[in-house]
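Asks: Have a look at this one.
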Amino acid sequence: MTTGDDAEAVVTATRAELRRRTDATENDALRQAANWFILAAGTANVIMQLSRPAVAYGVMESKVEEARLFSNPKRRARTTTAYIAVAMLGGADERAAMRRATNASHARVRSEPGHPVGYNAFDPALQKWVAACLYRGAEHAYERVHGALAGDFAERFYQQGSVFGTTLQLPPDAWPPLREAFDDYWRQSLAELTIDDVTRDYLMRIVRLEYLGRRVPARVLRLRQRLVAGYLGPEFRALMRLPWTAADARAFAGFDRRLARFMRLTPVAVREAPLRRSLRDVRRRLRRRRPLF
């Protein structure tokens, strides 16, 4: 006869085995999106993630002072890039280590009782949205260089993209099972998004690079805003109230084409260089038993 404790142990062991298999997900398709567009569109992706209020307030009000962008921008940039590098290029052990580090950081990210928005970094619904945005970023990075995803490769790319969520603690079965189901989830989610004035002001401070703590030339800021707006879809541009003219669209398209052409002409090692560099840092930290975050 199986006791309650025995049954619970079996369930725990099964979940652990599923987690190990998920961490070992192949990345042969997903890594083809590991190019400079991942970083070029990075701020736009942050805006997408924070267009869900509970994610936004979890970030803006985080009590993890050392992890906040405006407190420690270098650390924040390092850990964010490391997460993406491990998800796209790393192996099972590195994904498991990154999840443990993320969990430790997120443990303190939860709202006080009675908060008007309410957030908890371990909420699977919020994790699913963040993972979906990261996946979208990878999909767009691939398509800008290689063209539209199609056929069996598109489905394999999508299935491998689930690591953006599972490395974040999202249960494997919470990821939409097929690419078509993901499209439905994405469309439904877009209708529920909103950016209030507090969040918009915070995000525009990021767009203006205020976290650097120094003056940035106006010309650079104009270019940066155009790129951020360009890499956002029209729905997100509208939420951010970012201007977008025909001249902006032409200038952005020109930049996008030039970067895509450069990516197509460069060796894989060059395309993957920014993420590879970050992955090397992760591996070095693991060897030396230093914190990832």
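The values are calculated or read from the model by the stated rules, or taken from the named source; none is laboratory data. All values derive from a computational prediction rather than experimental measurement. FYI the Cβ positions are ideal-geometry reconstructions off the backbone, even for glycines, and counts take in every protein chain you see. To get the accessible areas, we keep the full protein, side chains included, count just its heavy atoms, and leave off ligands, DNA and RNA. Shrake-Rupley method; radii C 1.70, N 1.55, O 1.52, S 1.80 Å.
Asks: Could we say that VAL109 is under 23 Å from ARG285 (Cβ atoms) and touching a strand residue (DSSP E or B) at 6+ places or on another chain (Cβ under 8 Å) here?
Replies: yes
Asks: Same structure again: I'd like the residue in segment 106-122 that is touching a helix residue (DSSP H, G or I) at 6+ places or on another chain (Cβ under 8 Å) and within 11 Å of LEU168 (Cβ to Cβ) and, out of all such residues, is least open to solvent (accessible area, probe 1.4 Å).
Replies: Only one residue fits best here, namely ALA121.
Asks: Please go through segment 92-107 and pick out each residue that is modelled with pLDDT of 95 or more and part of a loop (DSSP other than H, G, I, E, B).
Replies: Selection gives nothing.
Asks: Can you find a residue that is out of contact with any Cys (no Cβ under 9 Å at 6 or more places or on another chain), in contact (Cβ under 8 Å) with a residue 24 or more places away in the chain and small (Gly, Ala, Ser) anywhere in segment 174-190?
Replies: Within segment 174-190 (the criterion being out of contact with any Cys (no Cβ under 9 Å at 6 or more places or on another chain), in contact (Cβ under 8 Å) with a residue 24 or more places away in the chain and small (Gly, Ala, Ser)), the answer is yes, since at least one residue qualifies.
Asks: Which one is nearest to ARG52 (Cα to Cα) among residues in segment 200-214 that are among the aliphatic types (A, V, I, L, M) and assigned to a helix (DSSP H, G or I)?
Replies: This residue is LEU203.
Asks: Are any residues in segment 127-155 more than 24 Å from ALA174 (Cβ to Cβ), assigned to a helix (DSSP H, G or I) and open to solvent by less than 30 Å² (accessible area, probe 1.4 Å), and if so, which ones?
Replies: VAL145
Asks: Only one of these conditions is not met by GLY233: (1) within 22 Å of MET88 (Cβ to Cβ); (2) modelled with pLDDT of 95 or more. Which number is it?
Replies: Among (1) within 22 Å of MET88 (Cβ to Cβ); (2) modelled with pLDDT of 95 or more, GLY233 violates only (2).
Asks: Using beta carbons and a limit of 7 Å, which pairs, at least six apart or on different chains, have the first residue in segment 198-212 and open to solvent by 70 Å² or more (accessible area, probe 1.4 Å) and the second one not basic (Lys, Arg)?
Replies: Once the first residue is open to solvent by 70 Å² or more (accessible area, probe 1.4 Å) and sits in segment 198-212, its partners that are not basic (Lys, Arg) give ARG208/LEU221.
Asks: Could you check how many residues of segment 156-183 are open to solvent by less than 60 Å² (accessible area, probe 1.4 Å) and not in a loop (DSSP other than H, G, I, E, B)?
Replies: Count: 13.
Asks: Now for a different question. Out of (1) surrounded by 15 or more Cβ atoms within 10 Å (Cβ to Cβ); (2) touching a residue at least 24 places away in the same chain (Cβ under 8 Å), the odd one out for ASP93 is which?
Replies: Exception for ASP93: condition (1).
Asks: Which residues, taken from segment 184-197, are surrounded by 11 or more Cβ atoms within 10 Å (Cβ to Cβ) and either part of a loop (DSSP other than H, G, I, E, B) or not hydroxyl-bearing (Ser, Thr, Tyr) (or both)?
Replies: Hits for segment 184-197 are ASP184, TRP186, LEU190, LEU193, ILE195, ASP196.
Asks: Pairs, please: C-beta under 7 Å, at least 6 apart or cross-chain, first residue in contact (Cβ under 8 Å) with a residue 12 or more places away in the chain and in segment 28-42, second surrounded by fewer than 19 Cβ atoms within 10 Å (Cβ to Cβ) and basic (Lys, Arg)?
Replies: That search, which allows pairs on different chains as well, returns ALA29/ARG156.
Asks: Out of ARG285, ARG258, ARG271, ARG237, report the one residue that is touching a residue at least 24 places away in the same chain (Cβ under 8 Å) and either out of contact with any helix residue (DSSP H, G or I) (no Cβ under 7 Å at 6 or more places or on another chain) or open to solvent by less than 80 Å² (accessible area, probe 1.4 Å) (or both).
Replies: Of ARG285, ARG258, ARG271, ARG237, the one residue that is touching a residue at least 24 places away in the same chain (Cβ under 8 Å) and either out of contact with any helix residue (DSSP H, G or I) (no Cβ under 7 Å at 6 or more places or on another chain) or open to solvent by less than 80 Å² (accessible area, probe 1.4 Å) (or both) is ARG271.
Asks: Let me spell it out: the conditions are (1) under 26 Å from GLU139 (Cβ atoms); (2) surrounded by 17 or more Cβ atoms within 10 Å (Cβ to Cβ); (3) in contact (Cβ under 8 Å) with a residue 60 or more places away in the chain, and ARG226 meets all of them except one. Which number is the exception?
Replies: So the condition that ARG226 fails would be (3).
Asks: Being within 22 Å of LEU209 (Cβ to Cβ), open to solvent by less than 20 Å² (accessible area, probe 1.4 Å) and either at pLDDT below 95 or part of a helix (DSSP H, G or I) (or both), is that true of even one residue in segment 66-78?
Replies: Yes, some residue in segment 66-78 is within 22 Å of LEU209 (Cβ to Cβ), open to solvent by less than 20 Å² (accessible area, probe 1.4 Å) and either at pLDDT below 95 or part of a helix (DSSP H, G or I) (or both).
Asks: Just need a number here: residues in segment 215-234 that are assigned to a loop (DSSP other than H, G, I, E, B) and either in contact with a helix residue (DSSP H, G or I) (Cβ under 7 Å, 6 or more places away or on another chain) or of a type in the set (Gly, Ala, Ser) (or both).
Replies: So the answer is 2.
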